[in-house]
Amino acid sequence: MPESARAPVLEARSLAKQYQLGEILVDALAGVDFSVQRGEFVAIMGPSGSGKSTLLHLLGGLDRPSSGDVLLSELRLSELSDAQATLARRRNIGFVFQFFNLLPTLTAEENITLPLLIDGKDPSDVADRLERLLALVGLADRRHHRPDQLSGGEQQRVALARALITEPLIVLADEPTGNLDTKTGNAIMELLRRSCDELSQTIIVVSHDPRASAHADRVVFLRDGAIVEQLDLRQLPGFSDRLGRIMSTLEGLEV
């Protein structure tokens, strides 16, 4: 089926979010429209306060919009009850956060399989998938280590494998390299790229770092709660070309 004929796996329609700060009503998002195709890797960039994290939280069903809709594989998140939204997130969305959010008393393997236990599934039923993910993130020999025995980069690799273990429709990553050094952060972004290429995983990353965003297929630029530019990187021949195009776009937008 042609790409243009396929329904998006995730879609935002006229998405708006307002917050009350004292007597002031703040527009965190002001009517955002965009969609993500299955197997696409999208980065969201913008200055502090542009609405990046707000958008990610709405896309993941962690918050409700003031108006507009989020469709996850044609499921309208705004129409779900809290219990239904929780179940939809658990079964369809993988999350990767800046600060890992691992349980300190569990091993790497136990942290990875925790979403399966929460959903009432037996991790032994997906043993092959676990082995593939441990190999993908390079932690086969660290599987029995607890978080305090792992480096920051290794902890983020555990968090990534945990996000992928349920084979979600989409992975949402909020500044996944923000707590890592440049070399380690680049390795995490390469792993996200590989999960997209090798597992056909759909990924949305919020990042302030042009080097991180250069791994994506497409970059969406936000400013003042609105999309001001979108940049398709798939036609560019190499990483340096992608990075250069992002930098020039940022300069042009004065963000």
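The values are calculated or read from the model by the stated rules, or taken from the named source; none is laboratory data. Every value quoted in this text rests on a predicted model; they were computed, and no experiment measured them. All Cβ positions, glycine included, derive from the backbone under ideal geometry; neighbour counts span all protein chains shown.
For region 76-98, taking the residues that are out of contact with any helix residue (DSSP H, G or I) (no Cβ under 8 Å at 6 or more places or on another chain) and among the charged types (D, E, K, R), the one that is surrounded by the most Cβ atoms within 10 Å (Cβ to Cβ) is identified as ARG89. Within region 99-148, the set of residues being part of a loop (DSSP other than H, G, I, E, B) and crowded, with 18+ Cβ neighbours inside 10 Å comprises PHE100, LEU102, THR107, VAL137, LEU139. You will find that of LEU55, LEU139, the residue that is in contact with a Gly (Cβ under 9 Å, 6 or more places away or on another chain) and either closer than 17 Å to VAL206 by Cα or of a type in the set (A, V, I, L, M, F, W, C) (or both) is LEU55 and no other. Taken over region 220-249, the criterion of being aliphatic (A, V, I, L, M) and modelled with pLDDT of 90 or more is satisfied by VAL220, LEU222, ALA226, ILE227, VAL228, LEU231, LEU233, LEU243, ILE246, MET247.
Among the residues of region 40-73, the ones that are within 13 Å of ASP174 (Cα to Cα), assigned to a loop (DSSP other than H, G, I, E, B) and either among the hydrophobic types (A, V, I, L, M, F, W, C) or free of Cβ contacts under 8 Å to residues at least 60 places away in the same chain (or both) come to 1 in all.
Apart from one condition, LEU192 fits all of (1) modelled with pLDDT under 90; (2) surrounded by 18 or more Cβ atoms within 10 Å (Cβ to Cβ); (3) out of contact with any Gly (no Cβ under 9 Å at 6 or more places or on another chain); the exception is (1).
Of the residues THR166, THR182, THR177, which single one is out of contact with any Leu (no Cβ under 8 Å at 6 or more places or on another chain) and within 23 Å of LEU103 (Cα to Cα)?
Values: THR166 fails: out of contact with any Leu (no Cβ under 8 Å at 6 or more places or on another chain); THR182 fails: within 23 Å of LEU103 (Cα to Cα).
Step by step, each of THR166, THR182, THR177 is checked, and only THR177 is out of contact with any Leu (no Cβ under 8 Å at 6 or more places or on another chain) and within 23 Å of LEU103 (Cα to Cα).
Report, by residue number, each residue of region 7-29 that is hydrophobic (A, V, I, L, M, F, W, C), part of a strand (DSSP E or B) and surrounded by 16 or more Cβ atoms within 10 Å (Cβ to Cβ). Of everything in region 7-29, those that are hydrophobic (A, V, I, L, M, F, W, C), part of a strand (DSSP E or B) and surrounded by 16 or more Cβ atoms within 10 Å (Cβ to Cβ) turn out to be LEU10, ALA12, LEU15, ALA16, ALA28, LEU29.
If you go through region 182-238 and pick out every residue that is of a type in the set (S, T, N, Q), over 13 Å from the mean Cα position of the chain (by Cα) and closer than 17 Å to ARG38 by Cα, you end up with 1. The residues in region 149-169 that are crowded, with 18+ Cβ neighbours inside 10 Å and either of a type in the set (Lys, Arg) or out of contact with any helix residue (DSSP H, G or I) (no Cβ under 7 Å at 6 or more places or on another chain) (or both) can be counted, and the count is 4. The numbered conditions (1) under 26 Å from ASN179 (Cα atoms); (2) free of Cβ contacts under 8 Å to residues at least 40 places away in the same chain; (3) of a type in the set (S, T, N, Q) are all true for SER78 except (1).
With respect to being farther than 14 Å from LEU169 by Cβ and of a type outside the set (D, E, K, R), ALA12 fits the description.
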